[in-house]
Amino acid sequence: MRRLIFLSFLAAITGILGGVCISYFAYLPSLTPLEYQGQDYWALPTRIYSEDGELIGEFAKEKRWLVKIDGIPKHVKYAFVAAEDADFYRHVGINLKGIVRASLVNLRAGKIKEGGSSITQQLAKNLFLTKERTVKRKIQEILLALKIERYYTKDEILERYLNKVYFGKGVYGIEAASRFYFNKDAKNLSLAETCILAGIPPSPNNYCPLTNPNLAIERGIRSLNRMREEGYIARETVGKEKENIIKRIKEITTQGRFVIRTTINRASYFVEYIRQVLEREYGYNLLYQGGLTVETTLDLKMQEIAERALTERLSQLNIGRKKEKIEGALLAVEPFTGKIKAMVGGSSFSATNQLNRTYQTKRRPGSSFKPIIYAAAIDSGFTLADIVIDEPVSYPGMGEGGSIWQPKNYDNRIYGRVTVRKALEDSINIPTIKILEKFGSSRAIVYAERFGIKTKLFPYLSLALGVFDVSLMEITSAFSAFANGGVRTKPYGINTVRDRNGNILKKYVPLYTPVISEETAYVITSCLKGVIEKGTAYPFLGGQFDCDIAGKTGTTDDCVDAWFIGYTPNLLCGIWFGFDKGIKSMGERQTGAVVCCPVFLAFMKEALNYVPKTSFPIPEKVVFVNIDRKTGKVLPPETYGFPEVFIAGTEPKYEEEKKFKVPIEKEDFEEEWGFN
């Protein structure tokens, strides 16, 4: 009776196949996706690497690495054959026994419940067909399997199957599954690990070890037993390997291991920045399915240092804050190329905190903008030894609503006669405004644009105090001109992009913009070294470094924003702190020096171990003259004084002190000394 039923079903299936083969055969798709495995027809993730080759991120619809069959151990091949299609090496593409068995199950169930597909059929289905369970699709699947078997060897088919099959959790292919579940390459899979993976494909969501470990154990042991039944392993091996299956599944479901294994959580703000660049240049499909390999400029060691330094400072600043918290950002750049070496866009990157404050927000730079004003001043004829009077000033009609504008110094002190150097080193507001007034706001705007400031600026004297909005990336890029001999570099994060076959699609190169002369750049750098050695940053950074280093603090009114931009010849770092929303003070005396300099110190102290420690090169057309720091006057020869830097031809000359005439009349005094 059973034999009669079997023959009846076999005849029915043969009849159906014979009746529709001709009609369906003409509409079968091309086998091109099989021929071009690893190329346009296979969705591969884009992988992002640091400059030293560490994987830091990936973007994909399907997580997959392609492997060759000769790189897969025999026990891996045999496990999948035993579990999925024992007659794989004997049939011609379809497993008649499997089809009959599935047909009986489906007949009893009154619906299509089981497929009975061979490995070749599964490959055909995964590559060419929908997942619908209909007679038409099943016939197409069978015909495609027969066609595939005509053109490809068994190992070629198995290789493509193992690279295509789904293992749950967005993971496709044996190599990706091996890395995902066991953190190792497929070539290093143990027998127990292989059996676990071989049990997943029939129902990846149900048999995934991370979601249903007990079912996964059953499936793994079933795969092991099938290998024994097919003669691939010895009977005495089974007992020990069963224990190993249970042990490995318990290990991979241990709390915490899942997150480490499945999430690439390195330099999240930077990786998202790179994603946006790639999608803009290459489009969504190529980004998520094209298998691009992206080598970035990121230095992973510096990135980790930056994240640690910023996170620790944010924790300190936010002690006792329950609602809105202070945020911060850090950007480190190689000044002579523009390569981004570290980028931290805020506190912990998450679904609700992805705003990258290095370039997606703009805030007032405050005094960190002053070096650009002073660069324009130097080019307009000022020297660092010139004297400016710091005194109360009023500007009718320049205040809010046309009122009188009465700018103040940060500490409300009046310093009297100060040199241009002191005005910049100590960030004194009123002398800076007077200097800007002398050479003109319009000229300052031209310089700001040269330095890469994109915000539309207006010719007001308040420019001197940085009362417009910039991003951290903009102001950091601007400072690259001081560090790089007057040439600004544009920050960028990608070295090369390669296609899935390793061909270079694009090689990114530095973008240079001449801004000021190397002499002017050196003069300003000399002042900014003074900021650290004796100026506003001295309490936090003075005497802390064994190399040339320069920088500038920045603070806006009421300590709403705090900045510090500092650099050596080989590393440039910009830092910002403040609240995300509204104009809200961080607290009394929370200045750029107080808030930012501790982060700069923590970062640069370690990061400078990974770059050469060199001095700022002195241009040929720069001279040093001994002056009195208080008066700015040249001192007599062989007299100790401060060696001030001048662009050759602008340096003052020593003049002997004039003597009073005796007797002297009032008119003579006024004529001699210029009083009136």
FRET E, pair T311, N205, Förster distance 35 Å, beta-carbon r, rounded to 0.05: 0.45
What nm value, rounded to one decimal, do you get for the distance between N609 and E400 when each label is placed 7 Å out toward the C-beta? 4.9 nm
What nm distance separates the two modelled labels at K438 and R235, each placed 7 Å from Cα along Cα→Cβ? 10.1 nm
To the nearest 20 debye, what charge dipole does region 331-449 have about its Cα centre, counting +1 at the Cβ of each Lys and Arg and -1 at the Cβ of each Asp and Glu? 300 debye
I need the calculated FRET efficiency for the pair I387 and D469, taking r as the beta carbon distance and R₀ as 25 Å, to the nearest 0.05. 0.15
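What is the local net charge at P365, summed over the other residues whose Cβ is closer than 14 Å to its Cβ (Lys, Arg +1; Asp, Glu -1)? Numbers along the way, then the final one.
On the way: positive: R357, K362, R363, R364, K370, K454, K552; negative: D469, E474, D557, D561.
Here the count lands on +3.
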Using 0.36 nm per residue, how much length does the chain from E324 to D558 gain when fully extended, once their Cα-Cα distance is taken away? 82.5 nm
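Just to confirm a number: summing +1 for Lys and Arg and -1 for Asp and Glu over residues other than G338 whose beta-carbon lies under 9 angstrom from that of G338, what do you get? Don't skip to the end; give the middle numbers.
Numbers: positive: K339, R488, K490; negative: E334.
Spelling it out: positives minus negatives among the neighbours equals +2.
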By how many nm would the segment from T639 to K184 lengthen if fully extended, with 0.36 nm per residue of separation less the alpha-carbon distance? 156.7 nm
Starting at the first residue of region 182-187, write each ³J(HN,Hα) from the Karplus equation 6.51 cos²θ - 1.76 cosθ + 1.60 with θ = phi - 60°, in whole Hz, x for Gly and Pro. 10, 6, 8, 6, 4, 5
Exceeding 22 Å between C-alpha atoms, which entries from my cross-link table qualify? They are K187/K506; K529/K584; K339/K506; K61/K164; K370/K534. K187/K506; K529/K584
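First select every other residue whose beta carbon is under 9 angstrom from the beta carbon of T297; then total the charges, Lys and Arg +1, Asp and Glu -1. Before the final figure, lay out the partial values.
Values: positive: K339, K341; negative: E51, E295, D299, E334.
Net charge in that neighbourhood comes out at -2.
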Quick one: if you stick a label point 7 Å off each Cα along the C-beta vector at K456 and S380, how many nm between them? 2.4 nm
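With a 10 Å radius around each residue's Cβ, average the other Cβ atoms per peptide and rank 336-347, 61-72, 514-525, 321-332, highest first. Don't skip to the end; give the middle numbers.
On the way: 336-347: 24.2, 61-72: 17.2, 514-525: 22.2, 321-332: 19.2.
Sorting 336-347, 61-72, 514-525, 321-332 by mean packing, highest first, produces 336-347, 514-525, 321-332, 61-72.
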What's the FRET efficiency of D70 with E279 using the Cβ-Cβ distance as r and R₀ = 35 Å, to the nearest 0.05? 0.45
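All of the numbers you see were taken from the coordinates with simple rules; none came from a lab. Note that the coordinates shown come from a computational prediction; the quantities given were computed from them, not determined experimentally. Cβ sites come from the backbone with ideal geometry, for glycine too, and all protein chains shown count toward neighbours.
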